[in-house]
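**Student:** Before I ask anything, let me first share the structure, which is written out below as structure tokens.
The values are calculated or read from the model by the stated rules, or taken from the named source; none is laboratory data. Computed from a prediction, not measured in an experiment: that's the story for all the values here. FYI the Cβ positions are ideal-geometry reconstructions off the backbone, even for glycines, and counts take in every protein chain you see. Side chains are part of the model used for accessible areas, which takes the heavy atoms of the whole protein and leaves out ligands, DNA and RNA. Shrake-Rupley method; radii C 1.70, N 1.55, O 1.52, S 1.80 Å.
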Amino acid sequence: MAYLHMQKTPVVFVPGLFGSMSDQIVPGTGDWNFGLAKTAYEPLIAMLEGMGFRMGKELFVAFYDWRQPVTYAAESLVQTIAWTKQTAGSAGVNLICHSMGGLVARAYVQGSSYQGDVAQMIILATPNAGSPVSYCYWAGGKLPSSVSPTKNVVELYMNVYLAYLERGLPRNKIEAIHRNFPSLLDLVPARAYGDYLLERRDGVDMFVPYEFMFVKNRVLDELNGQMGVIAARGIPVTLVAGIGQSTIRYLKTVPSSSPVKWVDGRVVGAIHSKMGDGNVMMESVFALEGEKYVVEANHLDILTKSEAILKDKLQ
């Protein structure tokens, strides 16, 4: 029976926001590819190939429409997993997920359409409790310079895409985002994050209670409320969080008079922490139950800096 040790459980990689591009999302970008994110994802693919996973044989990429809610994106994952099992002749797959990809994977394994075919989940830099940066984009259409004076790569991707969206609905950027990019709401802080808007009224800063906010992450609230399903379904989870990068932990706000823009408070500043990867706080990654690892890395470098962990889990 020695041959059984030779067959690797195939790997399906689920990329993050902006990591799937095609004509379906932006006309003229061709068949499914990593788009702007290839500089982050191609080194990971090369690393996995170095471990003996051959692209199209034991290694597959689950591209999806990241503009749509994660529950919708999870349907694409079902198809990729089915194709992987058929091609590799395997009963199950290992999922490696980056950032938003981890939420897409959770929507599948925690959902009613789960096929019992995930051997393990390795989740890197996923905002399991959400991220305050996403509130800025969803509620205000931008990340104010007072919040983040130096832009990182993920913010640059976001600005490029929002500028593209705005061309379609220039008069109402917020409406354009809510209509064409509903998945952003799945990335704002959820209940598990804790209160994150620090509002100044009459010279005093006080947290805005999540329960009283208009902008709520109902998808993550539900997933986090039912995370026990993952263990009940026998799926081991490995969580890897990056630290050492200045990351937005809280947002400073002032009351907003607009019924459309900055509905829970206009962002005027932020409180940063080094306990994050520049985009996602460690605590948010670790809001999910699993085996936890910390690496000194930013939101994209975490992929290659997790090589030892990936080797250990996949071999």
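**Student:** When you look at residue 187, is it in contact with a helix residue (DSSP H, G or I) (Cβ under 6 Å, 6 or more places away or on another chain), touching a residue at least 60 places away in the same chain (Cβ under 8 Å) and buried (at least 18 other Cβ atoms within 10 Å of the Cβ), yes or no?
**Tutor:** Spelling it out, residue 187 is indeed in contact with a helix residue (DSSP H, G or I) (Cβ under 6 Å, 6 or more places away or on another chain), touching a residue at least 60 places away in the same chain (Cβ under 8 Å) and buried (at least 18 other Cβ atoms within 10 Å of the Cβ).
**Student:** Let me ask something additional. Quick check on the stretch 53-63. Is at least one of its residues in a loop (DSSP other than H, G, I, E, B), over 16 Å from residue 76 (Cα atoms) and touching a Leu at 6+ places or on another chain (Cβ under 6 Å)?
**Tutor:** Checked against the condition, which is being in a loop (DSSP other than H, G, I, E, B), over 16 Å from residue 76 (Cα atoms) and touching a Leu at 6+ places or on another chain (Cβ under 6 Å), the stretch 53-63 yields at least one hit.
**Student:** Which condition does residue 119 not pass, out of (1) among the hydrophobic types (A, V, I, L, M, F, W, C); (2) buried (at least 23 other Cβ atoms within 10 Å of the Cβ); (3) in a strand (DSSP E or B), if it passes all the others?
**Tutor:** Failed condition: (2).
**Student:** Sticking with this one: Within the stretch 194-246, how many residues are of a type outside the set (A, V, I, L, M, F, W, C) and open to solvent by less than 40 Å² (accessible area, probe 1.4 Å)?
**Tutor:** Summing the residues that are of a type outside the set (A, V, I, L, M, F, W, C) and open to solvent by less than 40 Å² (accessible area, probe 1.4 Å) in the stretch 194-246 gives 11.
**Student:** From the list 18, 34, which residue is at pLDDT below 95 and closer than 21 Å to residue 160 by Cβ?
**Tutor:** 18
**Student:** Also, quick follow-up: Go through the stretch 122-151 residue by residue and tally those that are crowded, with 19+ Cβ neighbours inside 10 Å and either in a loop (DSSP other than H, G, I, E, B) or acidic (Asp, Glu) (or both).
**Tutor:** Residues that pass the stated criteria total 10.
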